[in-house]
Amino acid sequence: QVQLVESGGGLVQAGGSLRLSCAASVRIFGVLTMGWFRQAPGKEREFVATIRWSGGNGYYADSVKGRVTISRDNAKNTVYLQMNSLKPEDTAVYFCAATYRNINYREDGYDYWGQGTQVTVSS
């Protein structure tokens, strides 16, 4: 079983930055593919970023590419999402997700989910 807890959300002005964290309670974190998704009011949940179990470069949605960086610290069982140059359209609940499967961008490709953290970007 994998339990995920996100933190770091909040209210920020457009152009600002936030770093989200997701702490995993699991016996072996270093084998999990980790991802971030978001859901804006009235919209479907959408992919934001993902990273392999081994770390390295992340993979990003076009809407955030160049502004967002996903990273992980396997020693701390934590994955991060650094978000810069935030826009009002980034306002959403951000969810951390995990899977033992290969890296992928699909919501149904992840088996474990956190409760989400709210990010609000004011104009």
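Per-residue SASA remark: Trp53, around 140 Å² accessible (1.4 Å probe; ligands, DNA and RNA not included). For Leu86, the residues whose modelled amide H falls within less than 5 Å of its own, excluding neighbours fewer than 5 places apart on the same chain, are Gly15, Gly16. Rolling a 1.4 Å probe over the protein chains gives Tyr110 an accessible area of about 10 Å².
Between Ala24, Ala49, Ala75, which gets the highest mean-square fluctuation from a Gaussian network model of the chain, Cα cutoff 10 Å? Maximum among the listed residues: Ala75. Largest first, the residues Val5, Val93 sort by 1.4 Å accessible area into Val5, Val93.
When you filter the trypsin sites (Lys or Arg not before Pro) in segment 66-115 for DSSP loop state and at most 16 other Cβ atoms inside 10 Å of their Cβ, you are left with Arg67, Lys76, Arg101, Arg106. For segment 59-72, the Karplus equation 6.51 cos²θ - 1.76 cosθ + 1.60, evaluated at θ = phi - 60°, returns couplings of 10, 10, 5, 4, 5, 10, 4, x, 10, 10, 9, 9, 8, 8 Hz by residue, with Gly and Pro reported as x. Per residue, the solvent-accessible area of the chain (1.4 Å probe, heavy atoms of protein chains only, all protein chains present) comes to 52 Å².
Can you tell me the FRET efficiency between Ser122 and Arg19 if r is taken as the Cβ-Cβ distance and R0 is 22 Å, rounded to the nearest 0.05? It comes to 0.75. Using only alpha carbons, the chain has a radius of gyration to Kirkwood radius ratio (Rg to Rh) of 0.94.
The values are calculated or read from the model by the stated rules, or taken from the named source; none is laboratory data. Model, not experiment: these values are computed from the prediction. In this analysis, Cβ positions are derived from the backbone assuming ideal geometry, glycine residues included, and neighbour counts consider all displayed protein chains. Each accessible area value is taken on the protein alone, full model and side chains, heavy atoms only, with ligands, DNA and RNA left out. Shrake-Rupley method; radii C 1.70, N 1.55, O 1.52, S 1.80 Å.
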